[in-house]
Structure formats: structure tokens, C-alpha cells
Amino acid sequence: MTVLRYKVDAGIAWLTLDNPPLNALSHELRRAVISALDRALADGKVRAIVLAGSERAFSSGADIKEFADGTFYADPFLPAVVDALEAAHKPVIAAISGACMGGGLELALGCHYRVARADAKISFPEVKLGLIPGAGGTQRFPRLVGLETALNLIVSGATVAASTFKGSPLFDVITEGAAADAAREFALKLGKQGDTVRRVRELPVKHPQAEAFLQFAKTSVAAVSRGLAAPSRAIDAVGASLNDFAAGLATEQKVFTELMASSESQSLRHAFFAERAASKVPGLNDKTAQRKIACVAVVGAGTMGSGIAMSFANAGIPVTLLEAKPEALERGISGIRKFYEGAAAKGKLKPDEATRRAGLITPSLEFAAAAKADLIIEAVFEDIEVKQGVFRQLDKIAKKGAILATNTSTLDVDRIAGFTKRPGDVLGLHFFSPANVMRLLEVVRGAKTRPEVLATALTLARRIGKTAVVSGVCDGFIGNRMLDPYAQQALLMLEEGASPRQIDSAIEKFGFAMGPFRMSDLAGNDISWHIRKRHYAEHPRMRHMRIADRVCELGRFGQKTGAGWYRYEPGKRDAIPDPLVERIIDEERRALKISPRKIPDEEIVDRLLYALVNEGAKILEEGIALRASDIDVVYLTGYGFPLQRGGPMFHAGRVGLGQVVRRMREFAADSHADPGSWKPAKLLVTLAAAGRNFDAAPSAGRKKGKSRG
Ligand SMILES: NC(=O)c1ccc[n+]([C@@H]2O[C@H](COP(=O)([O-])OP(=O)(O)OC[C@H]3O[C@@H](n4cnc5c(N)ncnc54)[C@H](O)[C@@H]3O)[C@@H](O)[C@H]2O)c1
């Protein structure tokens, strides 16, 4: 297979990258570029060289699969390829269409001239993988676009259209037509001009107040990068472009090498591959039939129903929003209107776009209005009888082939499917709150869900910008089921001596966006209370979490009631410790005859994390999650788990599963409440004994006949 096409035409050597889908700069492609370049330079008939890609991509940059096996560094290393292009004694022109990202952009910066289609996508996405550009990008880019623009793009990882750079020397030609045509014309013109080689490295970087600007950038970036190192290190590297080129390049290489070896970058790379893997479901492939989803109905215009409706409207898909009560419908619709008006007022959406999106949502009080919908999502109260009523009705009115979905958080999707005569068309679509913002979507595959229904849901998730993870049926699915033992540990530690503030701040220091108590105050303490009461009823011997129950009995449901685990000043979201909660905790400790001890932060973090990990291991064992990395995706995209830790299962692997099991055994020996809760999952013990991590766990798809749930 050739990865580069070479031809000479009218004195122009065409080096066309041909490594689909996106011309990733694999070792083979790098070698091919160098050898084609040598060939063109040695050919007396060649006066100019054009380096081109495909319509879809000039190049998406490094082939990050090569990071793992070291091929990434194999000769010729990308910086050497860029240098070779720049050193060429004949003019080299990059013809850019589609994606021009990271290493691909660096390759273009090594060329003497750049011709781009106006809509080509320009970016340095390295920070998203905990890295910086490492093939001269931090040095050459500011030489063409200036220090500030370069820094903004490199630090944010944002993608912008080539047309944004109109007037800057980054592009010599920006064309609405084909990049190759413009490049040919440009090359022919150059050929007539004599000395035509121009090297970016020879340009100076100037800024009137570079020092102050870099300092300002450091402070602003530190405030928003939530403990991630790469954005701040990118400033160091770009700042070094003010020096001479070789010194700047040496700084870039040093920073790049350090970041490449960092646990932060390893975690972010894991997260990247994990998201890709999550879309692969055993038994589904490109040939699996899909159903067409042109219009959607949502039942229930509460918190979730409204957000779900907006998710579809945002993707241009018309939605019918159904309610039982006129006042609830009015509340939902006016919330949606306010949201779009607010987005327009803040300049986040153009006013006519906001109106268009709001206009895609049609309210109705008649179930019959959903009769034509290709997909109907139920988001009514979390009550099996209410859901039964809704699904019975949907079964009657939905057209043949419509997909029926439930947004239940905890109820049995198979039971819900059984309320219809078409269980194969039913599945769970578990959105997270706020549904129009949160990226995660748990797609719950029922025992009878048809493959094409699942495949359609996964495609649809992508269409509406969600990251889908497939879960089997169980109480709480992947995310909320794991949250249960996590919350349980948080509550037990209150009894033992910690305060809500200490627990929250310990896990927030570890990197969580929010500790368990602040999160519960935000989500509504009544939600977990409702679930706890159901669990108490289902398991009569279960230990009641009296502190949490008493907080709820006082109507302290969190931010929405002005008080919960903390108190809140009107209109503010700052969590203020409340002596009333401390008193409840004290009283319950006395009732349990516990003399409080000072719990070290390290213990708090380990107990919370390993509670997640142990439940995650059971979820894997039972085949509820297809793979450990899916669990990581759930926690990274839906639960504020720190990106730089790569997710609970990846983090456990890094700590060492043997160490995790040892810690769990220590906790079991000390536990005042329920030593059984620290019994390590069988899978965890097996992997720990073998010195393996969760990657070695068998994939659920390979377990034959495993029932889900
Ligand atoms: N709130 C969350 O954070 C969250 C997250 C994920 C999933 N969920 C799940 O989503 C579902 C809805 O939760 P919510 O927080 O939006 O509840 P909510 O109380 O805000 O809204 C429920 C809405 O359903 C309407 N409704 C009730 N019965 C109906 C019927 N028969 N026909 C039409 N409409 C009916 C109610 O009038 C109400 O407006 C629940 O199953 C919940 O477990 C909630």
C-alpha cells in the first residue's frame, strides 16, 4: 500500500499524502515524504514542489497509536521531516484542504508557502492530549501569526477556519476553490520569479510587551485549566519563540518530552482512545441496519424532558414535547424560551438561530401528537407505575418501527420494555442533567433491544453531540450504580469523624469538579433520598443513613431550597458550612456510640475512589459495561472525574490493583459499619493476583449468553 502519490507535471512535483482517512503522519508516511522530497530535489525538471493532502484532510497530525510503541520517535522523526521541507533549495508549497491539525499544521509550517481552502480547519489540538506541538509549531506559528494569536490557538486547542487568517502571512493564498488548483497556479507564478525559497525560521517574533503579556497569559490560563499542566507549559514554549530559533526549538523539545512522559498526558490519551472504543459495540458494525430518525417526541417537560428536547433542537431535529398538565407544559416551554433568549442575550447564539431552535420544539398535551415520531423518549416521574401508564399509551399510538426510550435513572428497562408489545424497540437513553449541556449519554441495552435499535441510538448520540456509552440493565446502570457505594462511604465517614467540607475538599483537591456533598446539593438531595427509601423498602435489613435522611426530613434538598448539606445565600452558589448539619452529625455519632476520629485526607480519597473501583469491577464482571475504559468515559464525561487521572479504572491500574485490594482489606478491618461493603470484587482480586490491570479484563461482548441485569 502506498501512502504517498508522486507525480511531476509542468515542472511541479506533486507529493500527495494518501493515508486515509485523515493522513495521520505515520512512520511510513514520514519516510515516504522524505524520499519523495529527495526525489523531487534531485530531479532537474522539477522547479517547485507541492505537498498536498485529500479534500477531507491535509493531515490530522501525528498517528497517536504510535505513541504507545515508540514508532512515533522512529527515524525520520516528524521535526526532522519539517526541517527537511524547510531546508529544501526548491520552493515547497503546502496545498491545504480539510483538517490541518497539530503535526499536519507543523508540516505546512515547514513549507515555504501555504495555499489553503477558506474552510480548511486549522488547529493545534495537542493540549487536549496533555501535550504541546512538538515539531516546531510553537516556534514557527508565532513567527507568522504573532505571539498572541499563536498562544490563543495553541493553549485552547481550538479549531478555526483558514479564512480567519486572511491578511496574515500564514497563508499566501486563501481560495474558495480547490486548494490544488490554487497551488498549481501559485507554483507556476513562483517558477518565473527566480529566488523563491522563504523560511519561516528566519522571521523574528515581536511583541511590544512580551514579558507582561506572557505573565498575564500564565495567570489567566492557570485560573481556567483546572490543574492541567499542558496549557501553562505551552506558554513557556511559545514564549521561547522570542529567542533565537534554535534555542526556542530546544525549549519546545524539552517541554514536549516532559509532557509526553507525564501521567497527565497518559491519562488524556487513555481518555481519547477510551471514547473511540466506546462507540464500538460487539455485534454491531457498519452493516448493521439503522432506522431513520427525522423527528422526535419527548414525554415530560420537567428538568430532563426540557433539556433533552433542547439537545435535539440544537442539532436541528424537530421535537414534540408532551405533558400531562398544562401548567407543567407551560413551565417547561417558558424555561426553554428563557434559555434560548439568555443564550442570544449573552451572544452565545445569534438571535435568529435561538428563535429557530426554540421554534423546533412543539408543545402538546395530546399523546397522539407523538404518533409520527421516529423516536419517543419518556422523561416523566421516576415511578414505575407512572412509566407503565406512559409506555402502555405509547405502545398504542407510536408508529410501527418507532424507537421507544426511557430516561429512567434507576428503574428496570426490561420491565419497562415489557409494558409494550414491542420490547425489541425499547431501550434506555439516560441523559445527564442539564441534558442540553452534559456530554454523556448512557445507552441502556435491554435484554430484547434489537441490534438496529441500539445502532440507531449510537448514531443519533453522535448527531446530537453526545458521547454514548452502552450499559446493560441494572439498578443505576454504570454511573449511578457506582455512585451508590461512593456516596455510602462519604456518609460513613461523616459518622466516623469527617465533615462534609473536609470530604468535599479532599476529593476536590484530588481533582474532582465537586465533592459528593456539594454535588448532591446541586443535583437535589431529594433524588438520592427517594432512591434510598426505595432501597430501604426493598432490603429491610439495610442500614439506614440517618444523617442524610434527617437532612432531607428538614426539607434541605440543596441549592434549590437554599439549604442542604451546606447553606446558601440567596442568589449565590457558595457552599457555606452550616452548624445545624454539624449538630445532626454529632447527634447521630452519639446515637451510634462513635467517638469521632480525625480521618486523613488520603484515607478519604482512597475510600471514595476504591468504592467506585470495586463497584466498577463488579459491573465489568457482570457484563454491564463492555470494557473498563467505558466506565472511565462515564466518569470523565458525566461525573466530573479529573481528566488528568484518566477515570477510576485507569487510575486504579496506575496505583496497582494489588495496592487497591490491600487498602480495601485495611478499610474492611477498620469499618464500623459494614465490612462486607469492602469485599473486593472477584475480578479485582484475580487481576491483582496476576499483576494485571483492568485492560486485561475479558470484554463483555465475548461472554456468551450472559444475561444483562
Ligand atoms: N433530574 C436529574 O438529574 C435526572 C437525571 C437523569 C435522569 N433523570 C430521570 O428523568 C426522569 C425525569 O426526571 P426529572 O428530573 O425531569 O423530573 P421532573 O419532575 O422535573 O419532570 C417530570 C415531568 O413529567 C411530567 N409527567 C408526569 N407524568 C406524566 C405523564 N403521564 N405524561 C406526561 N408527562 C408526565 C410531569 O408533569 C413533570 O413535568 C426520571 O425518570 C428521572 O429519574 C433525572
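The values are calculated or read from the model by the stated rules, or taken from the named source; none is laboratory data. The shown structure was predicted, so the numbers you read here are calculated from the model rather than taken from an experiment. Neighbour counts run over all protein chains shown; Cβ positions are idealised from the backbone, glycine included. What goes into the accessible areas is simple: the full protein's heavy atoms, side chains included, and nothing from ligands, DNA or RNA. Shrake-Rupley method; radii C 1.70, N 1.55, O 1.52, S 1.80 Å.
Values computed for the structure shown
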read-out: Simple label model, 7 Å out from Cα along Cβ direction - K7 to Q659, nm; value: 5.8 nm
read-out: Cross-link table K128/K466; K387/K466; K325/K387; K65/K280; K509/K560; K65/K466, entries beyond 20 Å C-alpha to C-alpha; value: K387/K466; K509/K560; K65/K466
read-out: All aspartates and glutamates inside 15 Å of K287 as judged from Cα atoms, apart from same-chain residues fewer than 8 positions distant; value: E452
read-out: Three principal axis lengths of region 317-403 [C-alpha, angstrom, descending]; value: 43, 26, 18
read-out: Three-way shape label, region 358-473, alpha-carbon gyration tensor, a/c 1.5; value: rounded
read-out: Nearest 10 degrees, 0 to 90: helix 451-463 Cα axis against the chain principal axis; value: 60 degrees
read-out: Charge-dipole axis of region 488-589 as Lys and Arg at +1 and Asp and Glu at -1 on Cβ define it, positive-most pick from W529, P579, M545; value: W529
read-out: Point-to-point label distance, K598-A247, nm (Cα→Cβ direction, 7 Å offset); value: 4.9 nm
read-out: The chain: angle of helix 147-156 to the longest principal axis, Cα-based, in degrees nearest 10; value: 40 degrees
read-out: J(HN,Hα) series, region 75-90, from Karplus relation 6.51 cos²θ - 1.76 cosθ + 1.60, nearest Hz, glycine and proline x; value: 5, x, 5, 3, x, 5, 5, 4, 4, 5, 4, 5, 6, 3, 8, 10
read-out: Per residue solvent-accessible surface (Å²) - region 88-178, probe of 1.4 Å; value: 26 Å²
read-out: Helix 657-670 vs. the chain, principal-axis angle (Cα, 0 to 90°, nearest 10); value: 20 degrees
read-out: 222 nm mean residue ellipticity, helices alone, for the chain (DSSP H n ≥ 4; -39,500 (n - 2.57); rounded to 500); value: -14500 deg cm²/dmol
read-out: Residues with amide H under 5 Å from that of G98, placed H, sequence gap 5 or more; value: A120, K121
read-out: FRET efficiency, E587 to Y536 (Cβ-Cβ, R0 22 Å, nearest 0.05); value: 0.65
read-out: From phi via Karplus (6.51, -1.76, 1.60), per-residue ³J(HN,Hα) for region 416-433 in Hz, x at Gly/Pro; value: 4, 4, x, 6, 10, 9, 9, x, x, 9, 9, 7, x, 10, 8, 7, 10, 8
read-out: Length released on extending from E185 to H544, taking residue separation times 0.36 nm less the Cα-Cα span; value: 121.5 nm
read-out: Heavy atoms of R47 accessible to a 1.4 Å probe, total area in Å² rounded to 10; value: 130 Å²
read-out: Protection-proxy order for peptides 48-55, 64-71, 369-376, each taking the mean of Cβ atoms within 10 Å per residue, highest first; value: 48-55, 369-376, 64-71
read-out: Heavy-atom accessible area order for H539, H430, largest first, 1.4 Å probe; value: H539, H430
read-out: Net charge contributed by nearby residues that have their C-beta within less than 14 Å of H270 (K/R +1, D/E -1); value: +2
read-out: Cα-centre dipole for region 126-223 with unit charges at Cβ (Lys and Arg positive, Asp and Glu negative), debye to 20; value: 180 debye
read-out: Cα Rg over Rh - the chain, Kirkwood; value: 1.01
read-out: Peptide ranges 581-590, 484-493 listed from the most packed, as the mean C-beta count within 10 angstrom indicates; value: 484-493, 581-590
read-out: Rounded to the nearest 20 debye, dipole of the chain from Cβ charges on Lys, Arg, Asp, Glu; value: 1360 debye
read-out: Two-site FRET efficiency, S433 against T362, from Cβ-Cβ distance with R₀ of 25 Å, rounded to 0.05; value: 0.65
read-out: Surface accessible to a 1.4 Å probe, R462 within the full protein complex, Å²; value: 150 Å²
read-out: Percent carbon-and-sulfur accessible area, the chain, ignoring ligands, DNA and RNA, probe 1.4 Å; value: 54 percent
read-out: Residue-level accessible surface for D578, protein heavy atoms, 1.4 Å, Å²; value: 20 Å²
read-out: 19 Å Cα-Cα reach of K396 towards aspartates and glutamates, excluding residues that sit fewer than 8 places from it in its own chain; value: E323, E366, D374, E378, E385, D414, D425
read-out: Phi to ³J(HN,Hα) by Karplus 6.51 cos²θ - 1.76 cosθ + 1.60 over region 18-26, Hz, x for Gly, Pro; value: 9, 10, x, x, 10, 6, 4, 7, 5
read-out: Point-to-point label distance, E569-K372, nm (Cα→Cβ direction, 7 Å offset); value: 5.3 nm
read-out: For region 82-153 versus region 365-413, the gap between their alpha-carbon centres in whole angstrom; value: 50 Å
read-out: Amide H contacts under 5 Å for G564, placed H, 5+ residues apart; value: G558
read-out: Given K400/K421; K7/K45; K618/K679; K292/K421; K45/K192, the pairs whose alpha carbons are separated by over 18 Å; value: K292/K421
